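Asker: First the structure, which I've put down as structure tokens, then a few questions once you've had a look.
The values are calculated or read from the model by the stated rules, or taken from the named source; none is laboratory data. If you're wondering where the values come from, they're calculated on a predicted model, not measured in any experiment. Methodologically, a virtual Cβ is constructed for each residue, glycine included, from the backbone with ideal geometry; neighbour enumeration extends over all protein chains shown. In case anyone asks, the SASA skips ligands and DNA or RNA and just uses the protein heavy atoms, side chains included. Shrake-Rupley method; radii C 1.70, N 1.55, O 1.52, S 1.80 Å.
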Amino acid sequence: MWMGIAQTSRHWRTVAATSQIIWSYIPLEASIYWAGVSLKLSHSTLISFCVDLSSAYSDWYRRAVLDALRAIPRTREIHLLKGPRVDPELDREVFRLLAASPAPALDTLTIWSTAARNTVTLSDDIFLRRVPSALRSLTLKYCDLSVTSPLLQTRLTSLVLEDCDIDTPLEVIRHLSDLRSLTLRRIRKTFSRRTSSPVRLPRLQDLAVEDTSEIVTSLLQSIQISASTSISLTCDDYMEIEEDLTDVQILHLIASTLSPVISTHLERAFAKGYSFPSLEIPASPRVDILSFNLSGDPAPSPHALSPYFRLSFPWASPGPDLFLRLLSALPHAVLQHVYTLRLRARAADARSRRMDEAARGLIALVEEAPLPALRSVVLEGVSFRLIDQDMPKDVAPYRDALARALVHRRQTQVREKTRLAIWNCAISRAEVVSLRDCLGLDVVDWDGVTEAG
């Protein structure tokens with residue numbers, strides 16, 4: 001942006017040269033010249049930069065990186081990326097400079113390694129062993145650090161630990177009572193309540209955990225969070241279990257492990273007045289994911305919280321019957337209040353190879369799920385043509401299967417009509433007419449978007 005401003009005219013060149021904030025991001029990847037200009041014209045303003053430790057860069061890039069790291073005392077954000085191929089000389093010098101200077105203004109630090117063989121060992125000597133008191137956001141992937149690290153002695157509000165080797169992760173977060181966002185992925189450490197008192201995180205707004213169901217359960221039992229906290233759980237037991245079990249047996253095992261802690265949290269949320277009337281099956285771009293989201297009504301104001309709950313399972317081939325069995329992990333009180341069932345696909349996901357699995361999962365839920373309050377089924381961003389293309393030959397077109405499921409539900413479970421909303425879906429006008437003939441003109445809402453081509 002600032003390059004364009006500086007080259008517009010003499011007037012704007014003068015404006016750019018005297019506006020320090022414009023130069024506060026140091027573009028190390030651009031050239032050593034522009035990196036140097038940014039460092040000079042930013043003067044005493046807090047700066048930010050991103051360092052790629054890849055061996056693919058040239059000598060001028062290494063010089064630019066080292067010049068930026070010498071300005072750590074006035075740095076607000078540092079992002080370090082270690083790819084599969086690392087320049088060992090640059091790597092050593094970068095971490096030497098991180099240990100050679102305090103970082104009193106540092107607000108955000110990211111150290112993201114993409115491979116286990118390039119794991120970063122963070123010494124307690126970082127930043128001259130001085131606590132970076134301004135640090136609020138810390139993101140680490142494939143990093144080893146100790147509980148005594150200066151990075152953990154701050155008032156963090158956001159912490160992401162992924163594939164990190166930490167002996168006592170519970171002790172890491174115990175003193176971070178200001179956390180508002182916490183993400184733990186594949187820490188592979190069990191949190192035992194018998195060895196320590198529960199950790200209280202009263203300000204936590206978002207919690208995301210990806211691990212085995214046993215570890216996820218032990219974590220939720222070891223921390224105390226608000227009923228308004230949004231939770232996203234991903235259980236990867238399928239990738240870890242070596243026993244010869246069927247998909248249904250594995251899912252039952254996971255659901256049985258998770259159910260008590262999930263019930264405790266959601267029932268506490270109900271008691272505090274929160275509700276989760278919307279059950280969504282996201283059409284994930286990943287072909288090996290089985291998931292659903294529970295969300296509440298929109299918050300009444302921008303400052304109010306509307307918590308959500310998300311449960312996901314990496315799976316080799318998630319069949320539609322597994323979506324129905326997924327619900328066994330939820331307490332009965334939650335299912336009694338689900339009003340809307342939604343299948344949503346973003347534009348990038350609409351052509352997912354497994355869209356048909358999610359679509360057939362939704363049909364199974366409409367037909368058989370114990371959802372007595374269900375009054376609305378919403379399809380958003382779905383391609384009927386692509387679903388039918390991937391469906392088995394002996395299965396009716398999705399339109400017909402969905403219509404039959406809605407009719408079956410009306411006849412066997414509830415006497416009231418369940419409305420069908422079709423938003424931004426690739427569907428022909430003739431298919432909409434057919435649905436309205438089957439279900440009723442007043443039952444099917446359509447926004448008029450038709451099949452492209």
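Asker: Describe numerically, in nm with one decimal, the distance between label points set 7 Å from Cα along Cα→Cβ at GLN153 and at ARG85.
Answerer: 4.0 nm
Asker: Please list, by residue number, every one of the trypsin sites (Lys or Arg not before Pro) in region 396-448 that is coil in DSSP and has at most 11 other beta-carbon atoms within 10 Å.
Answerer: Those that pass, being in a loop and sparsely packed, are ARG415.
Asker: Can you send over the carbon and sulfur percentage of the accessible area for region 221-270, probe radius 1.4 Å, protein chains only? Each step should come with its number before you reach the end.
Answerer: Numbers: 1060 of 2250 Å².
Summing carbon and sulfur atoms, their accessible area is 47 percent of the total for region 221-270.
Asker: Mind listing the phi-derived Karplus ³J(HN,Hα) values for region 38-55, rounded to whole Hz, using 6.51, -1.76 and 1.60 with θ = phi - 60°, and x for any glycine or proline?
Answerer: Along region 38-55, the couplings run 5, 4, 6, 7, 6, 6, 9, 5, 5, 10, 9, 7, 10, 10, 9, 7, 5, 7 Hz.
Asker: How long are the three semi-axes of the equivalent ellipsoid for region 210-297, computed from the Cα gyration tensor as the root of 5 times each eigenvalue, in whole Å, largest first?
Answerer: Listed largest to smallest, the semi-axes of region 210-297 are 25, 17, 11 Å.
Asker: Next up: Roll a 1.4 angstrom probe over the protein heavy atoms and tell me the percent of accessible area of region 55-156 that is carbon or sulfur.
Answerer: Carbon and sulfur: 51 percent of the exposed surface of region 55-156.
Asker: Same structure, new question: Please report the antiparallel percentage of the DSSP beta bridges confined to region 32-164, to the nearest 5.
Answerer: Numbers: 1 of 25 bridges.
Approximately 5 percent, going by the DSSP bridge assignments.
Asker: For a quick check: with amide H placed at 1.01 Å from N, whose amide H comes under 5 Å from VAL449's, ignoring anything fewer than 5 positions away on the same chain?
Answerer: ASN424, CYS425
Asker: Taking 7 Å along the Cα-to-C-beta vector as the label spot, tell me the ARG404-ALA271 distance in nanometres, rounded to one decimal.
Answerer: Label-label distance for ARG404 and ALA271, simple model: 4.5 nm.
Asker: Net charge within 12 Å of LEU439 by Cβ-Cβ distance, Lys/Arg positive one each and Asp/Glu negative one each, not counting LEU439 itself?
Answerer: Numbers: positive: ARG399, ARG404, ARG409, ARG410, LYS417, ARG419, ARG436; negative: ASP400, ASP437, ASP442, ASP445.
My count for the surroundings of LEU439 gives +3.
Asker: If you roll a 1.4 Å probe over the heavy atoms of the protein chains, what accessible area per residue do you get for region 182-273, in Å²?
Answerer: Here the per-residue accessible area is 47 Å².
Asker: Also: Evaluate E = 1/(1 + (r/R0)^6) for SER55 and SER31, where r is the Cβ-Cβ distance and R0 equals 22 Å; express this FRET efficiency to the nearest 0.05.
Answerer: Taking R0 as 22 Å, the efficiency between SER55 and SER31 is 0.70.
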